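The values are calculated or read from the model by the stated rules, or taken from the named source; none is laboratory data. Keep in mind the model is a prediction, meaning the values are calculated, not measured. Using ideal geometry, Cβ is built from the backbone for each residue, glycine included, and neighbour counts are taken over all protein chains shown. Keep in mind that these areas ignore ligands, DNA and RNA; they rest on the heavy atoms of the full protein, side chains included. Shrake-Rupley method; radii C 1.70, N 1.55, O 1.52, S 1.80 Å.
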Amino acid sequence: MSKKSTYWTIGIIAAIVIIAVIWLLPRNSNTSKDTKNNTAAQNQDSADPATVTPAENGQDSAENTDNTGSGNNSGNNHDSHSNTTDNSNSQSADDNLTAYMEDQDRMMNQMMIDMENIPKSDHAATDFLAGMVPHHEAAVAMAESYLKYGGENEQLTKLANSIIETQTKEIEDMNSLMQEYHAAQKEDPDTADAHMEKYKEMFASHHMGHSTSADSVDAAFAEGMIEHHRMAVEMAENILEYTDEEDVINLANNIIATQKEEIEEMQSVLDNL
């Protein structure tokens, strides 16, 4: 090939390359421009208030948290805590009832032993007092146990405190009277024997066990104390037939009146429990 032909060939190739470059440049520019426009549009859509704003994103996130996280968990935790508290209270109440019933059974058993083994004095009034002292001591102990193990009824709480105060004072009075009668060496064997026979019959008709039907300390105390008071009333009514000791007569009458009234009050409370 001649030198002139070579130049023409190179020129033609260069021209073709230039034309190709010129033709391709607008397409690349348009493509780049379209890409930029699409990217801008996407960014605008992302930031468009008409769609979802950052604040709304935050709100939705918070709502989702409430619905799936702390909100429901808070409710569930509250229910769980409430159930746990209820179960704990129920268990505590059951434990208190069990402890109270065991306490009262022990007191009643000891009371019956003490009352059945009073020393023979050959004086009816002295025998009555010797039996009534442990009976009163058991009543005071029952009332104290009721307060100890969480009695909640206002009337029964007031009654328990009254029993503690009243019967503690009567125990002191009865011990003083027994000392006085012993010192005076008062005796009336026939009357004392007749009274003791009646006293033993009373034991056969009273069984001072604790009620198994009670479902609360309040009910257990009321049921047990009603039976306890009935025994005291019977003892007091019996001695009135066998003594002329004025102090014992007054004491017996006071026991009858007071404890019958308390029986009615406790029965009324028990009916409403």
*Please enumerate the residues belonging to the stretch 132-157 that are acidic (Asp, Glu) and either closer than 22 Å to Ala93 by Cα or out of contact with any Asp or Glu (no Cβ under 9 Å at 6 or more places or on another chain) (or both).*
Glu144, Glu152, Glu154
*How about the stretch 197-217: which of its residues are of a type outside the set (Asp, Glu), at pLDDT below 90 and open to solvent by 40 Å² or more (accessible area, probe 1.4 Å)?*
Ala204, Ser205, His207, Gly209, Thr212, Ser213
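Return the residues of the stretch 176-185 that are open to solvent by 80 Å² or more (accessible area, probe 1.4 Å) and either over 53 Å from the mean Cα position of the chain (by Cα) or among the aromatic types (Phe, Trp, Tyr) (or both); say none if nothing qualifies.
Applying the first criterion (open to solvent by 80 Å² or more (accessible area, probe 1.4 Å)) to the stretch 176-185 yields 179-180, 182-183, 185.
The one that is open to solvent by 80 Å² or more (accessible area, probe 1.4 Å) and either over 53 Å from the mean Cα position of the chain (by Cα) or among the aromatic types (Phe, Trp, Tyr) (or both): Gln185.
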*Among the residues of the stretch 260-272, is any of a type in the set (Gly, Ala, Ser) and assigned to a helix (DSSP H, G or I)?*
yes
*Scan the stretch 118-162 residue by residue and report those that are closer than 20 Å to Arg106 by Cα, under 19 Å from the mean Cα position of the chain (by Cα), modelled with pLDDT of 95 or more and open to solvent by less than 40 Å² (accessible area, probe 1.4 Å).*
Ser145, Tyr146
*Residues of the stretch 165-182 being of a type in the set (Asp, Glu) and free of Cβ contacts under 8 Å to residues at least 60 places away in the same chain, which ones?*
Glu165, Glu172, Glu180
